[in-house]
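Below: the structure, in structure tokens.
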Amino acid sequence: MVRLNDIKLKPRLITLFLLVGIIPLALVGWWSSRMAGNALMHQSANQLESARGIKKTQIESFFDERRGDMGVLVETVGTLRNEASQKLTAVRQVKRAAVEGYFRTINDQIVTFSQNRMIVDAMRECRGSGGDVLHQRRAGPPGGAASGNHRFLSYRQLR
């Protein structure tokens with residue numbers, strides 16, 4: 001084994017100076033590397049938190065807009081439903097007025113016809129003969145169904 005006393009002074013000094021210079025340099029390098037790594041980790045964590053906050057805000061605003069859109073759609077559906085209901089009510093009222101007008105007209109005609117003596121007499125005469133034609137059609141004429149239909153149709157055309 002080699003002893004420290006056996007080595008010459010120059011190589012011994014060079015080795016000692018190198019150790020005295022390299023060890024602190026290595027310690028400072030290791031320490032600064034560790035500090036730089038911690039700083040980079042801290043900086044990237046801050047950036048990720050910032051990105052998370054931005055994305056959170058974007059997502060919340062997106063859903064707030066969709067909620068607003070849903071509100072508009074609900075209002076639109078309500079408005080359309082009300083308009084459709086109003087239109088149906090208006091159509092129903094128009095149809096009701098038309099039917100009531102028709103029945104009033106028919107009623108007025110019945111009243112007018114019932115007061116006209118000529119029409120009352122004509123209806124009495126038709127009542128007797130009209131029943132015979134309908135009875136003949138149901139029972140079937142002696143000439144067959146075709147001639148009965150012909151007589152019934154000619155009677156209907158005269159009316």
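The values are calculated or read from the model by the stated rules, or taken from the named source; none is laboratory data. Note that this is a predicted model, so its numbers are computed, not measured. The area values use the complete protein model at the heavy-atom level, side chains included, leaving out ligands, DNA and RNA. Shrake-Rupley method; radii C 1.70, N 1.55, O 1.52, S 1.80 Å.
Where the centroid of each part is defined by its Cα atoms, how far is the stretch 88-113 from the stretch 7-84 in Å? If we compute the Cα centre of each part, the gap is 81 Å. Residues D108, D121, ordered by accessible area of protein heavy atoms at a 1.4 angstrom probe radius and largest first, appear as D108, D121.
Accessible surface for F103 stands near 130 Å², nearest 10, in the context of the full protein assembly shown (1.4 Å probe).
Taking every protein chain into account, the 1.4 Å probe leaves S44 with about 50 Å² of accessible area, to the nearest ten.
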